[in-house]
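The values are calculated or read from the model by the stated rules, or taken from the named source; none is laboratory data. Please read these numbers as outputs of a predicted model, since none were measured by experiment. Here the Cβ positions follow ideal geometry from the backbone for every residue, glycine too, while neighbour counts run over all protein chains shown.
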Amino acid sequence: MKALRIGDLKAKLPIIQGGMGVAVSLAGLASAVADEGGIGIISSASIGMLIPNFSKNFNEANKQALRNEIRKAKKKTKGIIGVNIMVALSDYEDHLKVAVEEGADLIISGAGLPLKMPEIVLEDKRGKNKTKFVPIASSARAAKLVFSYWADHYGVIPDAVVVEGPLAGGHLGFKKTQISDSDFSLEKLVPEVVNVMKPFEQKFGKSIPVIAGGGIYSGADMHKIMSLGAGGIQIATRLVPTDECDASTEFKEAYVNSKKEDLMLIESPVGLPGRAIRNKFLEDVAAGIKTPVKCPWKCIKTCDYKKAPYCISLALINASKGNLKNGFVFAGSNAYRTTKIQSVEAVFSEMIKEYQVAATFGTGMPLETVNESRKHKREYAKVRKAV
């Protein structure tokens, strides 16, 4: 398993933890992932809700909370810490500036195309600071558009790209009809994005790793997608039911207790489809039951709160605190595979073993099968010793 290099950053494990808001991936989870050799990510989405009386000045609360979490994470670990900042945030540029000022190692941006950039981010690309920039794209066309725009307007390009498939949790960059269409599968998207990046690598004389995310759960999944050209993976769902995840125990147990049929697609108030775990709150929404929305801040550009059946930021912060009667849980398509809450170290240990088994015996050989097979017992012991 090769390390993931993004510019001068080197992650021993080619794993980026996906950013999960609201208040699901903060300093606790991010630092634990970084300690294990991956890249830990703090989600900035509505992060100001962690600050008392946040509604009096939501923008300032967001900036202060983001500073707090970056500083906490950096005190906890010497590993790589980044921030996920959604383009759709109404105070997007403010979050970018805070991340750079606080010395975040990288910024990952999706939920929109990150085209226009404040000067402080561009200064990083010109060598004045060290924060790397990584856009999220749901297609080769979108990835090419972002890199072409930066090349033409700024003379620089982002440092890597995350291609996120339709099996991810949370908001999805696909139409509902595309989500189950094999033409939009991650396995198809990754080689397309890898090919699109080649001319930029040649022109700018640098490697542009393609990180694959959305539906990757096991080490075998990881091996399969990296064999298609991905330089690393982004995972989120498997890291929610961990001791270090910043969400409540109730939030994590929603994953552990979920079944495959509980995973559902919803229409988010921000105008995008999303994947979540079915509960009473979402059933009420589907039945047309609305909760009064009074929005003093409008945190998402595309949200029409006057027509929204509920405030998604309030619903998500409620869920992260364990109040699932007034909220719901976003989750990827593999959330039902979770059986217990364990440490980040244990998750990564399992994934490394699964990856090594897939590399040795093929992705079709489950870890349990190899473990129990007398024929492969000796070979498997060598693999386990190696990891």
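For region 53-74, does any single residue satisfy the condition of being within 25 Å of L145 (Cβ to Cβ) and either among the acidic types (D, E) or not in a strand (DSSP E or B) (or both)? So far as region 53-74 goes, no, none of its residues is within 25 Å of L145 (Cβ to Cβ) and either among the acidic types (D, E) or not in a strand (DSSP E or B) (or both). Just one residue in the set Y336, Y305 is out of contact with any strand residue (DSSP E or B) (no Cβ under 7 Å at 6 or more places or on another chain) and among the aromatic types (F, W, Y); that residue is Y305. Got at least one residue in region 54-65 being out of contact with any helix residue (DSSP H, G or I) (no Cβ under 7 Å at 6 or more places or on another chain), buried (at least 21 other Cβ atoms within 10 Å of the Cβ) and at pLDDT 95 or above? Checked region 54-65: no residue is out of contact with any helix residue (DSSP H, G or I) (no Cβ under 7 Å at 6 or more places or on another chain), buried (at least 21 other Cβ atoms within 10 Å of the Cβ) and at pLDDT 95 or above. K75 meets each of the listed conditions (1) of a type outside the set (A, V, I, L, M); (2) more than 20 Å from the chain's Cα centre (by Cα); (3) under 16 Å from I208 (Cα atoms) apart from (3).
Of everything in region 185-201, what is surrounded by fewer than 19 Cβ atoms within 10 Å (Cβ to Cβ) and either aromatic (F, W, Y) or part of a loop (DSSP other than H, G, I, E, B) (or both)? Give them in sequence order. Within region 185-201, S185 is the sole residue that qualifies. Among helices (runs of 4 or more DSSP H) entirely within region 97-183, having at least 1 residues that are surrounded by fewer than 16 Cβ atoms within 10 Å (Cβ to Cβ) and at pLDDT 90 or above singles out 140-154.
Could we say that K290 is in contact with a Pro (Cβ under 6 Å, 6 or more places away or on another chain) and within 21 Å of V24 (Cα to Cα) here? For K290, the condition - in contact with a Pro (Cβ under 6 Å, 6 or more places away or on another chain) and within 21 Å of V24 (Cα to Cα) - is not met.
A residue that is charged (D, E, K, R) and surrounded by 21 or more Cβ atoms within 10 Å (Cβ to Cβ) occurs somewhere in region 265-277. For residues in region 7-52 being among the hydrophobic types (A, V, I, L, M, F, W, C) and either part of a loop (DSSP other than H, G, I, E, B) or in contact with a His (Cβ under 7 Å, 6 or more places away or on another chain) (or both), which is farthest from V156 (Cα to Cα)? In this case the residue turns out to be I51. Residues that are among the aliphatic types (A, V, I, L, M) and either in contact with a Pro (Cβ under 8 Å, 6 or more places away or on another chain) or more than 28 Å from A30 (Cα to Cα) (or both) occur in region 109-126; there is at least one. Scanning region 237-284 for residues that are part of a helix (DSSP H, G or I) and either over 28 Å from I81 (Cβ atoms) or aliphatic (A, V, I, L, M) (or both) yields a count of 11.
Considering each residue of region 222-236 in turn, none proves to be under 30 Å from A151 (Cα atoms), part of a helix (DSSP H, G or I) and without any contact (Cβ under 8 Å) to a residue 24 or more places away in the chain. Counting only helices (runs of 4 or more DSSP H) that fall entirely inside region 285-387 and contain at least 2 residues that are under 28 Å from L265 (Cβ atoms) and at pLDDT 90 or above, the qualifying elements are 312-320, 344-361.
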